[in-house]
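Worksheet for the structure shown next.
The values are calculated or read from the model by the stated rules, or taken from the named source; none is laboratory data. Not measured: the values here are computed from a predicted model. Here Cβ is always computed from backbone atoms with ideal geometry, including for glycine, and neighbour counts include all displayed protein chains.
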Amino acid sequence: MNDYTQQSQRPRRPYMVFAVVLCLVVGGMLGACADLIREPKRFEDRPSAAAVDEYKEDTQHDAAMSSQKDEATDSNKGLQIKPPVDRESMSVADIAELAAPSVVAINTEELVQDFYGRVGTQPFAGSGVIISADGYIVTNDHVVGNAQTIQVTLATGESLDAELIGTDPSNDIAVIKIDGKDLPAIEVASSSDTRVGSTVVAIGNPLGVLEGTVTAGVLSATNRNVQSQDGVMYGLLQTDAAINQGNSGGALLNDQGQLIGINSSKAGGMNVEGIAFAIPTDTVMPLVEQLISKGEVQAPQLGIMAFDVTFNMQMSYDLPAGVYVQAVEPGSPADQAGVQAQDVITGIDGQSITRMRELQSLKNRLSTGDTMDLTIYRGGEEIDLTVSFGE
């Protein structure tokens with residue numbers, strides 16, 4: 001059954017303590033990150049996966065994609081997270097020497113539309129990390145998700161065209177691929193093995209012109225839920241390593257030179273310094289494996305048609321912020337758990353949610369056989385339901 005898509009405009013929430021900016025360079029803009037980067041309106045944006053939870057079966061891909069999936073099987077074998085290495089902490093210089101060859105600069109062109117409706121191309125830039133010797137690269141969705149062309153520059157200075165393999169907008173992760181062999185793939189560690197206060201190193205392409213820039217700091221905190229202009233990002237790593245525009249998609253490394261996160265955003269503002277965020281590898285790598293093998297993240301489906309509760313709905317019907325359930329597929333996991341039409345989903349696994357994008361972000365991290373606890377507003381009361389995604 002086809003997806004149902006309904007996106008609604010909501011006022012920006014007043015409780016945002018600071019603006020979180022995606023560290024993406026807009027062509028020609030070399031200033032420091034401001035309070036909020038307002039990206040130009042894109043022409044022919046792809047529909048957001050955060051607009052609706054599907055009633056769908058697996059998406060059918062064309063023959064070329066099917067062939068590519070077969071070829072990806074061997075690549076996935078090299079993506080497993082490695083256990084902690086038994087060696088002393090490395091110096092920042094040694095970490096940079098080890099890992100910098102695995103970090104690339106990414107330059108894209110996107111179709112944009114100006115205030116007068118005129119359409120043109122706009123250059124953007126970011127970073128990426130080589131995760132397999134045959135050319136798979138992980139980066140952020142906001143770096144490449146809307147790109148018409150993608151060019152990757154290796155640490156050697158060689159530039160290559162790249163192909164978009166797949167994206168997960170709800171978790172801001174994307175995979176691209178270049179043709180190559182024996183490329184310097186990064187070693188990946190579990191983000192949960194890194195202690196708060198330990199040394200971390202960021203490598204990326206700040207300002208779109210400073211490829212291979214190395215900055216260092218400490219892991220300031222883990223499991224941060226951060227409000228951005230696109231919704232809440234869950235379970236992020238926080239660091240005081242300097243992150244700037246163009247660092248998006250770059251590497252956050254532990255003191256062994258192993259990848260523990262993909263840099264994605266920073267706190268902006270005149271009175272804010274040293275607060276940046278990365279998506280942990282424990283979140284990234286399961287998504288990457290699906291993107292490489294399937295071209296998309298095929299998370300378990302709730303079986304609902306739903307959309308964000310609008311400000312007018314809150315005022316008119318005394319509803320809380322959350323995700324409004326318009327319909328429930330009979331026999332689906334949501335139906336079996338007791339979810340009903342006109343319910344408002346306000347939380348998942350103890351995390352408050354206010355947008356469908358946030359629901360998708362948390363759900364896309366689950367697998368068949370997992371469970372998910374929902375907080376539901378129904379008839380003036382909150383109830384808790386547990387959804388089981390059967391084998």
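Numbers at a glance
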| item | result |
| --- | --- |
| Members of the stretch 301-345 found to be in contact with a Pro (Cβ under 8 Å, 6 or more places away or on another chain) and more than 19 Å from Gly231 (Cβ to Cβ), listed by number | Gln301, Gly303, Pro333 |
| Hits in the stretch 139-171 - residues which are small (Gly, Ala, Ser), out of contact with any Lys or Arg (no Cβ under 9 Å at 6 or more places or on another chain), under 23 Å from Pro184 (Cα atoms) and not in a strand (DSSP E or B) | Ala155, Gly157 |
| When residues of the stretch 192-207 are limited to those that are outside any strand (DSSP E or B) and aliphatic (A, V, I, L, M), the one nearest to Gly269 (Cα to Cα) | Leu207 |
| Residue check for Val214: surrounded by 15 or more Cβ atoms within 10 Å (Cβ to Cβ), of a type outside the set (Ser, Thr, Tyr), in the same structural domain as Leu236 (by TED's automatic domain parsing) and under 18 Å from the mean Cα position of the chain (by Cα) | no |
| Leu183, sole failed condition from (1) out of contact with any Pro (no Cβ under 7 Å at 6 or more places or on another chain); (2) assigned to a strand (DSSP E or B); (3) under 24 Å from Val209 (Cβ atoms) | (2) |
| Candidate set from the stretch 208-264 (those that are β-branched (Val, Ile, Thr) and not in a strand (DSSP E or B)); member that is farthest from Ser170 (Cα to Cα) | Val209 |
| Close pairs from the stretch 148-165: first under 10 Å from Gly135 (Cβ atoms), partner of a type in the set (Asp, Glu), Cβ under 6 Å, at least 6 apart | none |
| Condition check for Glu273: of a type in the set (Asp, Glu), within 22 Å of Pro286 (Cα to Cα) and in the same structural domain as His142 (by TED's automatic domain parsing) | no |
| Single residue of the stretch 300-319 satisfying the filter (surrounded by fewer than 16 Cβ atoms within 10 Å (Cβ to Cβ) and not polar (S, T, N, Q)) that is nearest to Ser361 (Cα to Cα) | Phe311 |
| Candidates Ser361, Ser352 - the one that is under 19 Å from Asn225 (Cα atoms) and either free of Cβ contacts under 8 Å to residues at least 12 places away in the same chain or surrounded by fewer than 18 Cβ atoms within 10 Å (Cβ to Cβ) (or both) | Ser352 |
| Matching residues, the stretch 86-138, being part of a loop (DSSP other than H, G, I, E, B) and touching a strand residue (DSSP E or B) at 6+ places or on another chain (Cβ under 7 Å) | Ser89, Ile131, Gly135 |
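Condition check ((1) among the hydroxyl-bearing types (Ser, Thr, Tyr); (2) surrounded by 21 or more Cβ atoms within 10 Å (Cβ to Cβ); (3) modelled with pLDDT under 95; (4) within 14 Å of the chain's Cα centre (by Cα)) across all residues:
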position: Val144; (1), (2), (3), (4): no, yes, no, yes
position: Ala155; (1), (2), (3), (4): no, no, no, no
position: Leu160; (1), (2), (3), (4): no, no, no, no
position: Asn171; (1), (2), (3), (4): no, yes, yes, yes
